[in-house]
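J.: Sharing a structure here in structure tokens format.
Computed from the coordinates by the stated procedures, all read-outs in this text should not be read as laboratory data. Only a predicted model underlies this, so the values are computations on that prediction, with no experimental measurement involved. Glycine gets a Cβ as well: all are built from the backbone with ideal geometry, and neighbour counts include every protein chain shown.
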Amino acid sequence: MTILNALILGTVFQAAPVQQTSSIYVHEASYQSNHQVEVEFSHAGGCQPRQFAMDINSCNGEIPATCAATIRDVTDTDYVCERLMRTRQIFTIPDHLRGAGFYLRFTQAEDIEIVASEIKTADSVIRRASVEPVNAGINPDYKAYEFKAQVMVGANPCQARDVNVELSPQQQGETLVIRAIRSYPEIKEQSLCTLEFNPQFQTLKAQYRFRDGEVRQIRIENVTSIGEHVTVDID
């Protein structure tokens, strides 16, 4: 958790007869379980209890996306004083943003960005895939094949930073399904990346051995684009 330099908090009182927007500064933030984010922030209006909400918007085009978060004073009153207070509050991530990993960057802070989901993996695109028979050993009842392909790590060098890719095979009946999985880091050092499309690929290969007749075809998922697949007959 990043701790920023605290504001020097004064104790100045000034009544205001009209609605004002409190000055808010985020000091710390952390993702909790059950789609909740705990935020510590300073705000004006300490003369009476205040209510706050967290707005999430302005998501960029990265995978995973980086979304802007803003803490907003939603107190239903026209009376605001300028006494600064420090508050720690838990906010819930909206339903429509759950289930997809993304980064949350607080606009009212110098440099606070957190992983805002427990999901940190995703399918990746495969290109230039090949399946070749290789030596399966001395047992004639077995066959072996080497799978080799280029896997997209990120849409550009910035987005590919600290991302790991691996092959994930799964046998479904007589079909061996191969997909590539990207794993994202817990903390992303670079907060924003450009939308430049300069895809970065990493070459992966693996050998698969099975009894003769056990697997009759290999299906490669997400070839060239997500959702497209290619099937190779090997029997």
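J.: Tell me the relative contact order for the stretch 121-233 as a rounded percent, counting alpha carbon contacts under 8 Å between residues six or more apart.
T.: Working: 241 pairs, mean separation 38.3, N = 113.
This gives 34 percent for the stretch 121-233.
J.: Follow-up question, since we're still on this one. At 0.36 nm per residue, minus the direct Cα-Cα distance, what do Gln172 and Cys47 gain on full extension? Give it in nm, one decimal, please.
T.: Numbers: separation 125, 0.36 × 125 = 45.00 nm, distance 6.42 nm.
Fully extending the segment from Gln172 to Cys47 adds 38.6 nm.
J.: So if I take the centroid of the Cα atoms in the stretch 106-179 and the same for the stretch 194-235, what is the distance between those two points in Å?
T.: What the calculation gives is 9 Å, centre to centre.
J.: On full extension of the chain, what length is gained from Ser33 through Leu97, given 0.36 nm per residue of separation minus the C-alpha to C-alpha distance?
T.: Once the chain is fully extended between Ser33 and Leu97, it gains 21.6 nm.
J.: Can I ask one more? Would you mind checking the stretch 201-219 for residues with the amide N under 15 Å from a putative spin-label position 7 Å along Cα→C-beta of Asp123?
T.: Output list for this probe position: 219.
J.: Let me ask something else about it. Measuring from the lowest to the highest alpha carbon on each principal axis, how far does the stretch 121-233 reach, largest first, in angstroms?
T.: 54, 25, 21
J.: At 7 Å along Cα-to-Cβ for each site, give me the label-to-label distance between Thr87 and Glu228 in nm.
T.: Going from the Thr87 label point to the Glu228 one covers 5.1 nm.
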